[in-house]
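First up is the structure itself, then whatever we jot down about it.
The values are calculated or read from the model by the stated rules, or taken from the named source; none is laboratory data. The shown structure was predicted, so the numbers you read here are calculated from the model rather than taken from an experiment. Here the Cβ is made from the backbone with ideal geometry for all residues, glycine too, and neighbour counts use every protein chain on show.
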Amino acid sequence: MKPPETKYRGERTADGVRVTVDEHPLAPRELRCWVRCNGGFDWGYSGAGSGALARALVQDATGDTVLASLCYPWVRDATVATWGDRWQITAGEVLAWVEQWWREGARPGTEAMPERAYVPTVAEALSNPAGFVAGMDASEFPFVGSKPEGGAP
């Protein structure tokens, strides 16, 4: 996790966009291919470039790739999509956005994330598949308790 005072800056130049973290290019190693495939960083709209930037900011500030992949749509739409030609934020602000995303129901895109709860082990789920999906609409899970085609167990 980055110190809260870490500074991120972005500006549009004649050569394109420039995004830095403490005056060094922002380019998390794990996202380089993903960013390149999505056309690079951008902001000021809700699209692939803004998504790439939101994901990179969260990943860099938190050090958590999974968290970044879950919350970047919310961060993109709530913040990055609204920025003008120049912007500056801190890692502390990024962390505050992640906290707000969680408080508002942790909705990546429009899907609500489940509440934090006990997650059974695979052995527990397999030993009681009906109990594993208790409380869910069983019609959504027609494979639970049924045999594969051909009657094999």
* Asked: Listed residues Val35, Val58, Val17; which is at pLDDT below 85 and not in a loop (DSSP other than H, G, I, E, B)?
  -> Val35
* To do: Give Ser69, Ser50 a once-over and let me know the one that is outside any loop (DSSP other than H, G, I, E, B), in contact with a helix residue (DSSP H, G or I) (Cβ under 7 Å, 6 or more places away or on another chain), at pLDDT below 90 and surrounded by 13 or more Cβ atoms within 10 Å (Cβ to Cβ).
  => Ser69
